[in-house]
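Engineer: The structure under discussion is supplied below as structure tokens; questions concerning it will follow.
The values are calculated or read from the model by the stated rules, or taken from the named source; none is laboratory data. These figures come from a predicted structure and were not determined experimentally. In this analysis, Cβ positions are derived from the backbone assuming ideal geometry, glycine residues included, and neighbour counts consider all displayed protein chains.
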Amino acid sequence: MKKIDEFYEPLYISTIPENNNDIDLNKNNKHLINCMNKIYHSLENEKDIENYLKRNDYNNLFRIMKKKINLNKIQSIIFSYLAVRYDRGFIDIENLSRYLNCNSLYFLTFMNEIEILEKRKLLIFQRRENNINFKIPIRIIEYLSKYDKIPELDSEIENINYFEKDDTSDDSDDQKNEKSISNLFKYSNINSKIMYYNKEEEESIMELNNILQDKIFKDIQEKLISKNMSIGFACLFSGEPGTGKTETALQLAKETKRDILKVDIPAIRSKCFGKAEKNVKKIFNEYYKFLDKNDIAPILFINEADGLIGKRGELSKKNRAIIQCENTMTNIMLEEMETFKGIMIATTNLTINMDKAFERRFLYKIDFKKPSLNVRKNIFKLFIPEATDEMANEISTKYDLTGGQIENIARKLEIDYIIRNEALSMDKLTKYCKDETINSFKEKTNKIGFNNNN
């Protein structure tokens with residue numbers, strides 16, 4: 001099968017003009033695709049579908065849809081949404097209802113319109129025990145992207161199989177060799193560790209641990225669905241390096257028996273602009289595929305997510321391409337999190353540079369502060385058990401160290417013992433503490449995002 005990317009552009013347009021006049025539908029080569037993107041984005045800020053349908057702001061867009069592919073308003077809205085998000089596979093009633101800002105029962109009043117789309121072979125849907133899923137056939141997407149129109153039923157393309165691609169068919173070599181941008185870690189392979197926290201962080205982590213216990217989590221999601229609320233759990237762990245953000249995510253996975261899908265940030269930061277934006281969507285595509293195959297929802301773990309959640313910049317002549325790339329990735333990230341259905345944990349050292357739009361999308365936010373004196377003592381004794389209480393007290397009082405720094409000191413002492421058979425001494429301990437505090441976290445002043453020198 002020919003690789004689709006060879007002959008068509010993505011249907012998704014990340015930057016949409018503020019008003020309809022900014023889109024010249026008569027001059028642009030992709031009249032219909034631009035029109036569908038505008039319809040897709042125009043509904044996002046509406047309170048409900050009824051108010052939206054009463055407005056006249058977008059009548060020119062719906063006239064184009066009527067003229068070019070003979071769809072009414074509701075059909076145009078549903079078709080545009082499914083087309084723009086075709087890469088997510090089947091989309092269920094819950095997601096469509098949330099997009100239309102209505103409950104699932106009200107959505108069923110649109111089923112007549114959906115049946116018309118199905119009869120025209122513009123849409124297929126699956127009926128399952130407790131849900132209905134929708135999708136636009138890939139051949140429609142191919143034709144739409146290539147010709148900016150849909151095929152007529154009596155045309156030569158009618159004989160093409162519009163429906164699901166056979167899973168047994170051969171993929172292209174490029175598709176087979178395409179590198180994943182996430183790595184799976186089984187919870188059973190994560191080593192259990194004792195963790196010490198400040199009181200406030202400990203309370204928040206214990207609450208999150210309780211929520212993520214599978215039976216409780218599923219019960220919460222069911223109740224949220226009944227109230228037409230979002231069921232996704234996105235958590236942000238912030239704080240200086242070495243304060244335990246990454247290890248806490250691993251231990252939560254271990255204790256709640258959830259596998260981790262860890263995002264490979266370097267794989268996303270492609271030098272090929274355009275591919276980086278696609279890779280952001282790929283994060284969620286890979287996660288949803290794994291989610292569908294497992295009864296217990298895995299954790300999508302984005303460590304050091306600074307490059308994906310940074311503030312959007314103003315376009316200028318200098319570094320315009322880089323800024324546009326970063327802004328696009330941020331926009332896609334925001335959109336995916338808006339309809340996220342699983343469990344996500346992201347970590348960052350630099351919340352001061354986080355785009356404000358993410359504040360609402362992260363349901364739980366835990367700030368990992370440097371450990372207090374008593375916590376430092378506990379961590380010190382955990383990693384260096386041979387130290388006396390006097391040593392632990394003196395070092396913990398004199399040096400404001402993180403857990404990560406104390407672990408580094410313990411490793412250096414262990415190496416000294418292995419190589420030179422040197423026993424623990426206060427002089428050596430003091431030296432290594434000074435080495436760990438020589439830098440004052442210069443990264444605090446760095447901007448979240450891509451390095452413009454790359």
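Engineer: Name the pairs whose Cβ atoms lie under 8 Å apart, with the first residue in the stretch 292-314 and assigned by TED's automatic domain parsing to the domain that holds ASN133, the second crowded, with 17+ Cβ neighbours inside 10 Å and of a type outside the set (S, T, N, Q), and 6 or more positions between them or separate chains?
Structural biologist: none
Engineer: Further, regarding this structure: What do you reckon, is ILE352 modelled with pLDDT under 90 and assigned to a helix (DSSP H, G or I)?
Structural biologist: Spelling it out, ILE352 is indeed modelled with pLDDT under 90 and assigned to a helix (DSSP H, G or I).
Engineer: I need the full set of residues from the stretch 335-349 which are over 15 Å from ARG98 (Cβ atoms) and not in a loop (DSSP other than H, G, I, E, B), in order please.
Structural biologist: ILE343, MET344, ILE345, ALA346, THR347, THR348 - these are the residues of the stretch 335-349 that are over 15 Å from ARG98 (Cβ atoms) and not in a loop (DSSP other than H, G, I, E, B).
Engineer: To continue, here is another question. Could you list all residues from the stretch 432-454 that are surrounded by fewer than 15 Cβ atoms within 10 Å (Cβ to Cβ), at pLDDT 80 or above and assigned to a helix (DSSP H, G or I)?
Structural biologist: If the condition is that a residue be surrounded by fewer than 15 Cβ atoms within 10 Å (Cβ to Cβ), at pLDDT 80 or above and assigned to a helix (DSSP H, G or I), then LYS434, ASP435 are the ones that fit.
Engineer: Identify the residue in the stretch 292-313 that is part of a helix (DSSP H, G or I) and in contact with a strand residue (DSSP E or B) (Cβ under 6 Å, 6 or more places away or on another chain) and, among all such residues, is surrounded by the most Cβ atoms within 10 Å (Cβ to Cβ).
Structural biologist: ILE309
Engineer: Further question on the same structure: Can you tell me which residues in the stretch 364-398 are over 20 Å from GLY244 (Cα atoms) and assigned to a loop (DSSP other than H, G, I, E, B)?
Structural biologist: Within the stretch 364-398, GLU386, ALA387, THR388 qualify.
Engineer: Give the residue, chosen from ASN37, ASN51, that is in contact (Cβ under 8 Å) with a residue 12 or more places away in the chain and more than 21 Å from ILE116 (Cα to Cα).
Structural biologist: Checking each option against the conditions leaves just ASN37.
Engineer: Moving on to the next point. Which of the helices (runs of 4 or more DSSP H) found entirely inside the stretch 13-91 contain at least 1 residues meeting this: small (Gly, Ala, Ser), at pLDDT below 85 and surrounded by 17 or more Cβ atoms within 10 Å (Cβ to Cβ)?
Structural biologist: Ranges flagged: 31-42.
Engineer: While we're here: Read through the list (1) surrounded by fewer than 17 Cβ atoms within 10 Å (Cβ to Cβ); (2) more than 25 Å from ILE345 (Cα to Cα), then give the number of the only condition that LEU429 fails.
Structural biologist: Single failed check for LEU429: (1).
Engineer: Quick one: in the stretch 181-217, which of the residues that are touching a strand residue (DSSP E or B) at 6+ places or on another chain (Cβ under 9 Å) and part of a loop (DSSP other than H, G, I, E, B) is surrounded by the fewest Cβ atoms within 10 Å (Cβ to Cβ)?
Structural biologist: This residue is LYS186.
Engineer: Return the total of residues in the stretch 355-374 being surrounded by fewer than 21 Cβ atoms within 10 Å (Cβ to Cβ) and more than 25 Å from GLU222 (Cβ to Cβ).
Structural biologist: Going through the stretch 355-374 one residue at a time, the tally reaches 10.
Engineer: Mind listing just one residue for me: the one in the stretch 257-268 that is of a type outside the set (A, V, I, L, M, F, W, C) and at pLDDT below 90 and, of those, farthest from the chain's Cα centre (by Cα)?
Structural biologist: The qualifying residue farthest from the chain's Cα centre (by Cα) is PRO266.
Engineer: Another one. In the stretch 370-417, how many residues are free of Cβ contacts under 8 Å to residues at least 24 places away in the same chain and under 26 Å from ASN349 (Cβ atoms)?
Structural biologist: Summing the residues that are free of Cβ contacts under 8 Å to residues at least 24 places away in the same chain and under 26 Å from ASN349 (Cβ atoms) in the stretch 370-417 gives 5.
Engineer: So, one more: How many residues, within the stretch 389-410, are farther than 21 Å from ASN198 by Cα, surrounded by 12 or more Cβ atoms within 10 Å (Cβ to Cβ) and of a type outside the set (A, V, I, L, M, F, W, C)?
Structural biologist: Adding up the residues that qualify gives 0.
Engineer: Separate question: Between LYS271, LYS281, LYS254, LYS223, which is closer than 17 Å to ILE332 by Cα and either outside any strand (DSSP E or B) or modelled with pLDDT of 95 or more (or both)?
Structural biologist: On inspection, the qualifying residue turns out to be LYS281.
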